[in-house]
Amino acid sequence: MESDGGDEGEESGNVAIEAPGADEVVVVPWPILFRLRRRVSERIEGSDRYRWFILATVLTGLFAVGFTVTILAVSLPRIADDLHSDTATVTWVVTGPLLAFGVAGPILGKAGDVYGHRRVYLLGLVGSIVFALASASAWNAGSLIMFRVLGVAEGAATGPASMAIIMKVFPDRERVKAMGFWSLIGAGAPVIGVVAGGPMVEHVGWRWIFVLQAPFTLAALVLAAIVLPTGERGTRQPIDYLGVATLSGGVTSLLIALNRGPALGWTHPAVVVGFALAPVLLVVFVAVERRTAYPLIPLDYFRRRNFSFPIAVQFFANFAYMGSFILTPLYLDEAFGYGETKIGLLSIARPVTFSITAPVAGFLTVKLGERLAAMLGCVAVITSMLVWWTVHPGAANIHVMGALALAGVGLGVSAPAMAAAIANSVDEASLGIAGAAQQLMTQVGIVAGIQLAETFQQLREPAAGLATSYREAYLLLGAVCVLGVVAGAFVRSTSGRDESGRAAALEPTGSF
């Protein structure tokens, strides 16, 4: 196991802690933790299951942070009433964190590459605990929105960092297997949060969500501090803050415009400015990256097939998957007349199939290859949208659950393969920012799918009727996901090769 000074700390019984960017090291007496860590390390480091222990530890923290991201979405009216606010304002409790992720993701991914992913991961968990407790004590809508935004910004550190930690301990050919489990937690935790959120808020109150999150995250933090290896730092280099600002600004402008378009109108000045500003800032970002000695994201990566096309697959697959995820509760409520409990029980079909499919698909992709996984996954999501076209009010529950399950299967098949393909296409020193880049584009796809699907349904309802407008919105999502199949056809399969497979993935033949 690599060390960055931990051995000296163990002998003295102290823990050396250095925050990213700090000039001084603060030595904290913590002998019990070191003794426990030494014993755990001795027992698991030589084990054949060592990397799986690391995976389980990382995913525990990822779940602790991720399951509250959307858990409040089903209970906004109750929260608004409790805080003496209105639903439109409290909606930012869900929307704000989505935008915060877009801002925080790139710089936190890069910080992990430079200062160490373990450090960034642990700091992310600490921040999540602090702001979970703060959210539980929020006194009005503004304070809750602020704490949720800051909490998710801190939690965003765990995504790219956890992915990079996993990629470093798993060999190239095994990464897709590990990412099957990562995808299960990364995408499944927020879904489970929505399913469980309604009953929890109804029976114990929304504040208890965060009260319970804090000790769970604390347990994940202690486990990670004991088990995770202290890896080497990356090459000391200045962080490209101008690149961070232009990329985050461009993506955030786009997300805000997409989010506020349905509420304010697509011709509202704020929405128009957002759409106009996004491409300008992204063009400036490209210009900055071409001139800086230490770019945030090396632009050469975008010329690599297994970097650009897997990101495109994730964008289009999540566009359809999450767009339908938001449409379905509304459709079942308004057209079927189902209550929250029944909708929640039916919706379990999607995370259950995702949880079963993602790990299995990770193992199968080693044999079948990333290209086939990408295309089959998107085809399954498209098929789900087509099945929704046949779901009329009064349809059998099995019909509804079948449509939901197909979407879970689709994302479960494609997500692990695409994450592994991206990791295998970049240098190890850039695993953090590569993870942040794919999560950032996935986030854009999610917000775009949600907002455009809802807007299309509302526009079509007067002419087509309530039920038909929802079914047409599903078809729109499926049509967009066809582009994911096209992008998947260009992904270069590398799974099933020997250790030279990674080198081949970085050769010019892997570019376009």
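The values are calculated or read from the model by the stated rules, or taken from the named source; none is laboratory data. Predicted model, so just to flag it, every value in this text is computed and none were measured. FYI the Cβ positions are ideal-geometry reconstructions off the backbone, even for glycines, and counts take in every protein chain you see. For the accessible areas, the whole protein counts, side chains as well, though only heavy atoms, and no ligand, DNA or RNA atoms are used. Shrake-Rupley method; radii C 1.70, N 1.55, O 1.52, S 1.80 Å.
Observations
- Leu133 exposes around 90 Å² of accessible area when a 1.4 Å probe is run over every protein chain in place.
- Sorting Glu454, Glu428 by accessible area puts them as Glu428, Glu454; the probe is 1.4 Å, largest comes first, and only protein heavy atoms count.
- His268 accessible area, assembled protein chains, probe 1.4 Å, Å²: 70 Å²
- Fully extending the segment from Phe275 to Trp139 would add 45.6 nm, taking 0.36 nm per residue of separation and subtracting the current Cα-Cα distance.
- Set of lysines with alpha-carbon distance to Lys177 below 24 Å, sequence-local pairs under 8 removed: Lys168, Lys367
- Simple label model, 7 Å out from Cα along Cβ direction - His203 to Glu428, nm: 4.8 nm
- Globularity index of region 376-462, i.e. its alpha-carbon radius of gyration over 2.2 N^0.38 Å: 1.40
- Estimated D of region 273-417 in µm² per second, where Rh is the Kirkwood radius over Cα pairs and Stokes-Einstein applies at 25 °C, 0.890 mPa s: 141 µm²/s
- Quarter of Cα convex hull surface for region 205-310, i.e. mean projection, nm²: 11.6 nm²
- Label point distance in nm, Val360-Tyr241, each placed 7 Å from Cα along Cα→Cβ: 5.0 nm
- Using the Cβ of Arg371 as centre and a radius below 12 Å, the other residues enclosed give a net charge of +1, where K and R count +1 and D and E count -1.
- Relative to the current alpha-carbon distance between Arg290 and Asp86, full extension at 0.36 nm per residue lengthens the span by 68.9 nm.
- Taken over region 337-405, the alpha-carbon convex hull comes to 79 cubic angstrom per residue.
- Spin-label model distance (nm) - Ala489 vs Val126, 7 Å beyond Cα toward Cβ: 5.1 nm
- Full extension of the chain segment joining Gln458 with Arg49 gains 142.1 nm, where the gain is 0.36 nm per residue of separation less the Cα-Cα distance.
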